[in-house]
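**Q** First, the structure itself, so that you have it in front of you.
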Amino acid sequence: MNYQCGKYQLNLNHPLVMAILNVTPDSFSDGGEYNTVDKAVKRAMQLIADGADIIDLGGESTRPGATPVSLDAELNRVIPVIEALSQLCAVPISVDTYKPEVMHEAIAAGADMVNDVRALQELGALEVLANSNVGVCLMHMQGTPQTMQMAPSYQNVVADVHQFLSERYQAALAHGIGKERILLDPGFGFGKRTIDNITLIKHLAKLTKIGPPLLVGLSRKAVLGAISGGDELQRLHSGIAASVICAMNGAKIIRVHDVKATVDALKVVAVVMDEDQKQ
């Protein structure tokens, strides 16, 4: 199985790691740490050295209760970093945004992928992707970052997420976005209770039946703290466990803060799941 994003074709026969790089002042785990071009580029190169297969650059926090940022502010945060990284790194650069204008400018600056928490529902977003050759990840979210954790509820979280992602996948195909360019993300922590997140992990394989490869992101999220305790920076071990379980349940790309540890863990997963190794 391959995934096409811009000039890159990624082999998904073993799980890959997407590294989180937030150039924001208020992201829940690393806000303010990499909010200059030099700091962001240095961090990206370290993440690549640690084994990251994709760099996911975000200029607007989507943590629960986050304050939206203006278009200009987001552009000013991400475009200079994309321009610099596109000249330096040899892995795909993803831009984490829901704004079509940011998508357009980021692609022009050298981004290879769009990671959209709103699954291309904003007016014009589908057209931006259709007029490009970059990859896209379509994510499920109930509500908005400002409201999503106030009172999320589902009749059947797996069925609801399955239906939403199926509909957005078909919308992307109908606009001419090739299936080889599409990833799906169940949106752990985005309008989900602890039980909803756990249920989705257990039944992740059902979402693989939609067709596109799955990307998942559980790194440092509240569900891990609810299970194991600890604040955002004390969730490494629970995050590794969640990454391994998701990979063994069908996830192809794991989005994380802690790259080196995740890369090492997924090497074990790859060997165990390798058909050629089985007797």
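**Q** So is residue 168 under 24 Å from residue 24 (Cα atoms) and among the charged types (D, E, K, R) or not?
**A** Answer is no for this residue.
**Q** Just checking, which of 73, 106 is surrounded by 24 or more Cβ atoms within 10 Å (Cβ to Cβ) and not in a strand (DSSP E or B)?
**A** Result of the check over 73, 106: 106.
**Q** Would you confirm whether any residue within region 256-273 is among the polar types (S, T, N, Q), in contact with a Lys or Arg (Cβ under 8 Å, 6 or more places away or on another chain) and surrounded by 14 or more Cβ atoms within 10 Å (Cβ to Cβ)?
**A** no
**Q** Select from region 109-124 the residues that are more than 19 Å from the chain's Cα centre (by Cα) and crowded, with 16+ Cβ neighbours inside 10 Å and list them in ascending order.
**A** 109
**Q** Now for a separate question. Hey, any hits in region 132-152 for a residue that's in a helix (DSSP H, G or I) and farther than 29 Å from residue 111 by Cα?
**A** no
**Q** Tell me whether region 176-184 contains one or more residues that are loosely packed, with under 15 Cβ neighbours inside 10 Å, closer than 29 Å to residue 72 by Cβ and in contact with a helix residue (DSSP H, G or I) (Cβ under 6 Å, 6 or more places away or on another chain).
**A** no
**Q** Mind checking which pairs have a first residue in region 113-135 that is within 17 Å of residue 58 (Cβ to Cβ) and a second that is part of a strand (DSSP E or B) and of a type in the set (Phe, Trp, Tyr), Cβ under 7 Å, 6 or more apart or different chains?
**A** 135/3
**Q** Here's another thing I want to ask about it. How many residues, within region 131-159, are loosely packed, with under 15 Cβ neighbours inside 10 Å and more than 22 Å from residue 66 (Cβ to Cβ)?
**A** The total comes to 5.
**Q** Just the residues that are within 21 Å of residue 180 (Cα to Cα) and not charged (D, E, K, R), please, taken from region 109-123.
**A** 110, 111, 113, 114, 115, 117, 119, 120, 121
**Q** Identify all residues within region 33-70 that are under 19 Å from residue 255 (Cα atoms), modelled with pLDDT under 95, in a loop (DSSP other than H, G, I, E, B) and of a type outside the set (Phe, Trp, Tyr); write none if there are none.
**A** The answer is 33, 59, 60, 61, 62, 63, 64.
**Q** A follow-up question, please. Residue 20 is checked against (1) part of a helix (DSSP H, G or I); (2) under 18 Å from residue 254 (Cβ atoms) and fails just one. What number does that condition carry?
**A** Status for residue 20: all satisfied but (1).
The values are calculated or read from the model by the stated rules, or taken from the named source; none is laboratory data. In this text the structure is predicted, and so the values were computed from the model without any measurement. A quick note on method: Cβ atoms are made from the backbone with ideal geometry, for glycine too, and the neighbour counts reach across all protein chains shown.
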